Structures are given as structure tokens and as C-alpha cells.
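Colleague: Below are the C-alpha cells for one structure; questions will follow.
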Amino acid sequence: MRINQKPEIKWHFVFIVLVLILLYPILFAVSTSFKSLNEAFNNNLSLIPNNPTTSAYERVISIIPFIKITMNTFTIATIVTIFKLATGILAAYSFVFLDFKGKNIVYFILISTIFIPFTVTMIPNFITISKIGLRDNIIGVALPQLADATGIFLLRQHMRGVPKSLLEVAKLEKTPHVKILSTIIVPLIRPAILSIGIIFFINSWNEYVWPSLILKSTENYTLSLALQMFVSAEGGTDIPVAMAISVLTMILPLSIYSVCQKFIISTFTQSGIKG
């Protein structure tokens, strides 16, 4: 019996078209970064440079302290990722394995903060950071982001899948909670911790709005703010340089995601299945 392949071919074609649409901005950025300024304006839709040049990348290195800015971005993303994972693991463990009065109410209040828009907390956080003297400081960018309700939710979902028998044996032996967490829970959910940490890192790496409010000095900028330096609303945009910074900015997140995408996908899939 012959199976009709036409519907499947049709959907494959649709997916290929969607993938090409999504890839076009990336290919455009890479292509434009190797164009001269004149070619970028006169032949701006072409994906193949007529006369490829690395002058845009050379100007990036000469105009801004690129290495310092990259280290600022990496430092902020690393601090935010480590603290979000630490607070998330501890909070998730408490909500799953500890019994205390009002646990469900506290968890509901915590998770409800996911739905609070950033614009609501932006001004209070800005005033607080200014009052404690961390304006124009990368620590001031990282400080309000040291905990994340979404991470707590995902980690809690994975911890709920840990067999209760392992915990009962540990409790019978009067094993401290810190040791249970470090020797039993964390090793069992290590793939989830890795994938959630990658998501935290990439989100922090790409963040623009909050750093733009806190950081004012060029030497304290992140890569997203450095990109804005070469984009002008008045039409004076240096397109090749802006695209060069975009390409340099996306290399690390894309590399991390391409290597670890199966962990990220499985984390969200399993978190939606487990009770």
C-alpha cells in the first residue's frame, strides 16, 4: 500500500521557508559586516559582498575598548547565572522537600511575580541602585537579577521527579539537607541545571534595557550598548560596524546553544510533563 507523501512534503516546504525567513537576519548581519560603508548603503539587501573587507571589525577594535566591553558582558552574565541557579536550587529544594507553614501560599506569590512587567519594577530598582551608589557599575546591573521565579519553577518541576525513596533513606540516616542537596538532588538534575543556566546566561548576555539605564561610561558598557553607539536615529548609522558588533555579540550565545540545545529542549519538555 502506497502512503501519500504530499501532505508531509507540503509541511516540510513550509518549515524550510520559515527557517530561511528566520535565518535571513543572521546571514544579513554576517554579510553586511564584510561590506564597505558605501556598499552597505547602495547594495544593502544583497547577502554576497562585492568586495569583502574586514575594515568594520578593525574599526570596532580601534574605536571602542572591545575586549573590556566583552569582559563586562561576560562578568554580568556569569554573576547573574550563578546566583540565579544558586537561589533557584535552594528555593526549589525548599518547596519540594521541606514542610513549613504557608508553603503553597509563598510558592503561589513567588510564581505570580513572573507576570509582573519589567516596567513596573524598573523605576524602584533604578532608584535603589542609585541610592546605594552602584550607578554606572556592572554590579548595579547584576544586583536586581540575582533570583528568578521562572528558574525556581523549572527546577522545582525537575526535583519533583526525584524518587522519594532516595530521600527517605537519607532521612533515616539523618543526613543533613545540604549533603542531600549536593550529593543526591543536584547530580540527578544536572542536565536541567545546565540547560537552565545556559538560558539565564544567554538572556543576560543579550539584555539591553536595564544596562542602558544603569551604565553611562563607555568602558562599563555591555555589547548591546556598544552596538547602540553605532546606530543613529538621524541616519548616521555605520551599518558595517554595527553588524560587525552584532556578529561578535551573537557568536558565544549561538555556540553555547548549538552545543547544548538538546538539554534545553528536554528541560522544557520534561517540566511540562511532570506534575
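The values are calculated or read from the model by the stated rules, or taken from the named source; none is laboratory data. This one's a predicted model, so the numbers in the text were calculated from it and none came from an experiment. Here the Cβ is made from the backbone with ideal geometry for all residues, glycine too, and neighbour counts use every protein chain on show. Just the protein is used for accessible areas: all its heavy atoms, side chains included, with ligands, DNA and RNA removed. Shrake-Rupley method; radii C 1.70, N 1.55, O 1.52, S 1.80 Å.
Colleague: Output the residue which, of all residues in segment 23-38 that are farther than 16 Å from residue 227 by Cβ and of a type outside the set (D, E, K, R), is least open to solvent (accessible area, probe 1.4 Å).
Modeller: Ranking the qualifying residues of segment 23-38, first place goes to 31.
Colleague: Take residue 81 and tell me if it is touching a Gly at 6+ places or on another chain (Cβ under 8 Å), within 19 Å of residue 250 (Cβ to Cβ) and not hydrophobic (A, V, I, L, M, F, W, C).
Modeller: It is true that residue 81 is touching a Gly at 6+ places or on another chain (Cβ under 8 Å), within 19 Å of residue 250 (Cβ to Cβ) and not hydrophobic (A, V, I, L, M, F, W, C).
Colleague: From the list 74, 41, which residue is within 18 Å of residue 247 (Cβ to Cβ) and open to solvent by 60 Å² or more (accessible area, probe 1.4 Å)?
Modeller: Unique residue meeting the criteria: 74.
Colleague: Given the conditions (1) more than 19 Å from the chain's Cα centre (by Cα); (2) surrounded by fewer than 21 Cβ atoms within 10 Å (Cβ to Cβ), report the number of the one that residue 209 does not fulfil.
Modeller: (1)
Colleague: Can I ask one more? Within segment 22-80, work out how many residues are among the basic types (Lys, Arg) and not in a helix (DSSP H, G or I).
Modeller: Going through segment 22-80 one residue at a time, the tally reaches 1.
Colleague: Say we look at segment 81-118 and pick out the residues that are closer than 29 Å to residue 179 by Cβ and not in a helix (DSSP H, G or I); which of these is least open to solvent (accessible area, probe 1.4 Å)?
Modeller: 102
Colleague: Of all residues being farther than 20 Å from residue 254 by Cβ and not in a helix (DSSP H, G or I) in segment 206-229, which is modelled with the lowest pLDDT? Just the residue, please.
Modeller: That would be 229.
Colleague: Hey, can you tell me all the residues within segment 119-138 that are among the aliphatic types (A, V, I, L, M), part of a helix (DSSP H, G or I), free of Cβ contacts under 8 Å to residues at least 12 places away in the same chain and over 27 Å from residue 95 (Cα atoms)?
Modeller: Once the filter is applied, which keeps residues that are among the aliphatic types (A, V, I, L, M), part of a helix (DSSP H, G or I), free of Cβ contacts under 8 Å to residues at least 12 places away in the same chain and over 27 Å from residue 95 (Cα atoms), segment 119-138 yields 123, 127.
Colleague: Going residue by residue through segment 11-22, is there one that turns out to be modelled with pLDDT of 85 or more and closer than 23 Å to residue 227 by Cβ?
Modeller: Yes, the conditions are met somewhere in segment 11-22.
Colleague: Against the definition (of a type in the set (A, V, I, L, M) and over 26 Å from residue 228 (Cβ atoms)), how does residue 48 come out, yes or no?
Modeller: The answer is yes for residue 48.
Colleague: Let me spell it out: the conditions are (1) farther than 22 Å from residue 218 by Cβ; (2) crowded, with 18+ Cβ neighbours inside 10 Å, and residue 161 meets all of them except one. Which number is the exception?
Modeller: So residue 161 meets the others, but not (2).
Colleague: Scan (1) among the polar types (S, T, N, Q); (2) out of contact with any Pro (no Cβ under 9 Å at 6 or more places or on another chain); (3) exposed (fewer than 15 other Cβ atoms within 10 Å of the Cβ); (4) within 30 Å of residue 181 (Cβ to Cβ) for the single condition residue 121 breaks and write down its number.
Modeller: Only one criterion in (1) among the polar types (S, T, N, Q); (2) out of contact with any Pro (no Cβ under 9 Å at 6 or more places or on another chain); (3) exposed (fewer than 15 other Cβ atoms within 10 Å of the Cβ); (4) within 30 Å of residue 181 (Cβ to Cβ) is unmet by residue 121, namely (2).
Colleague: While we're here: Are any residues in segment 172-206 hydrophobic (A, V, I, L, M, F, W, C), over 18 Å from residue 70 (Cα atoms) and open to solvent by less than 50 Å² (accessible area, probe 1.4 Å), and if so, which ones?
Modeller: Those that are hydrophobic (A, V, I, L, M, F, W, C), over 18 Å from residue 70 (Cα atoms) and open to solvent by less than 50 Å² (accessible area, probe 1.4 Å): 180, 181, 184, 185, 186, 189, 192, 193, 196, 199.
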